[in-house]
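We did not get these values from a lab; they are worked out from the coordinates using the rules stated. These numbers come from a predicted model, not from an experiment. Heads up, the Cβs are rebuilt from the backbone with ideal geometry, glycines too, and the neighbour counts pull from every protein chain shown.
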Amino acid sequence: MAVALGLLVCTSCSASGGTATTHHRVLIGSAVSEAALANDATYRATLENNFSMVTPENEMKWDTIQPNPTTYNFGPADAIVTFARSHGMEVRGHTLVWHDQNPPWLTNGHFTRDQLIAILRDHIFTVVGHYRGQVAQWDVVNEALDDSGRLRHDIWYQVIGPSYIDMAFRFAHAADPKAKLFYNDTGAEGLGPKSDAVYRLVAGLKHRGVPIDGVGLQSHFVGLVGPSQAGAEANMVRLGTLGLQVAVTEMDVALVLPADSPALRTEARIYGYMLSACQQEPNCHTFVVWEFTDKYSWIPSAMPDFGAADLFDASMHPKPAFFTLLQDLGPHSDSLRG
Ligand code: XIL
């Protein structure tokens with residue numbers, strides 16, 4: 001595929017009515033897996049021709065990167081970071097603190113509060129320090145809130161208390177003062193109770209002077225239901241009033257299988273309006289999909305009977321959603337990559 005999503009310099013953006021909007025770049029990224037990068041040449045080529053940012057899909061999660069208390073396993077994530085850097089791509093680090101994909105030694109350790117704080121500190125200093133200057137953005141804390149917007153009663157909350165979130169951001173900032181630090185969550189893209197809770201959480205962090213730079217909007221949409229573009233933009237705007245960036249961090253659209261043409265067109269529309277929302281808002285510079293090809297999507301294993309969630313099909317052919325993003329990006333996108 002010669003066309004490229006790449007970096008956008010939005011020189012032709014204008015709002016309806018002829019008022020020029022803020023011109024800004026949007027990085028177009030994808031979650032990637034180290035195994036696919038190592039074994040699949042078509043995957044590698046499609047990635048480097050079309051994307052300007054990558055996120056390790058699993059390789060920086062705690063169970064992979066610190067499988068034992070005294071062992072750090074940087075190999076898989078290093079392979080992705082090296083690939084990205086050698087192809088001029090930026091890296092989003094994902095993720096430092098989460099309730100899921102933690103190793104048994106951590107979740108079954110029965111640590112005291114002081115011990116767990118020391119473990120958290122060591123993990124963040126070691127991982128962020130290892131990638132200092134190489135990871136542009138970190139998802140520091142992932143999904144601290146449950147679906148109803150309450151703090152999850154995970155190991156971090158139960159042993160350390162809610163201040164684990166402040167600590168994680170402070171540790172990450174100390175380890176790499178130049179990295180942009182994000183709070184990342186799901187189901188908080190449009191306006192609603194969950195995004196209200198995210199707003200309150202990050203407003204509190206800002207109020208306490210915690211070094212947070214942005215909010216990641218995962219954007220895992222199921223079926224043909226997503227937030228409206230207006231709702232997504234309004235949420236981006238209110239986070240902007242706190243002085244925060246926003247990033248679309250994990251977008252995919254799970255469809256009932258087999259996906260027919262109308263479903264693929266609706267999927268394209270949902271991808272399109274999320275990118276348009278990001279392009280409209282001056283605090284959104286990052287748009288990342290959660291894998292770019294249905295060949296390696298997590299959806300069929302997480303949600304049986306669903307799939308076809310990504311921009312390219314399992315044979316690596318671009319789907320309607322790819323062409324919609326390309327159209328949204330405008331004529332300047334393909335001069336910057338490929
Ligand atoms: C998913 C991966 O894609 C899967 O391969 C893994 O088995 C489970 O995790 N929200 C997140 C991501 O923040 O880390 C998750 O990734 C998807 C949901």
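Which one of these is in a helix (DSSP H, G or I) and under 14 Å from GLY272 (Cα atoms): ALA197, ALA230?
Working: ALA197 fails: under 14 Å from GLY272 (Cα atoms).
Testing whether each residue is in a helix (DSSP H, G or I) and under 14 Å from GLY272 (Cα atoms) leaves just ALA230.
Give me the pairs, please: first residue somewhere in segment 177-197 and farther than 15 Å from ASP139 by Cβ and touching a residue at least 12 places away in the same chain (Cβ under 8 Å), second residue anywhere and among the aliphatic types (A, V, I, L, M) and surrounded by 24 or more Cβ atoms within 10 Å (Cβ to Cβ), beta-carbon distance under 7 Å, and either six or more positions apart or on two chains.
Between residues of segment 177-197 that are farther than 15 Å from ASP139 by Cβ and touching a residue at least 12 places away in the same chain (Cβ under 8 Å) and residues that are among the aliphatic types (A, V, I, L, M) and surrounded by 24 or more Cβ atoms within 10 Å (Cβ to Cβ), the close pairs are GLU189/LEU217; GLU189/ALA232; GLY190/ALA232; LYS194/ALA188; SER195/ALA188.
Looking at segment 283-298, which of its residues are in a strand (DSSP E or B) and either farther than 18 Å from MET89 by Cβ or touching a helix residue (DSSP H, G or I) at 6+ places or on another chain (Cβ under 6 Å) (or both)? Show your work before the answer.
The first filter runs over segment 283-298 and keeps only residues in a strand (DSSP E or B), leaving 284-289, 293.
Answer for segment 283-298, where residues must be in a strand (DSSP E or B) and either farther than 18 Å from MET89 by Cβ or touching a helix residue (DSSP H, G or I) at 6+ places or on another chain (Cβ under 6 Å) (or both): CYS284, PHE287.
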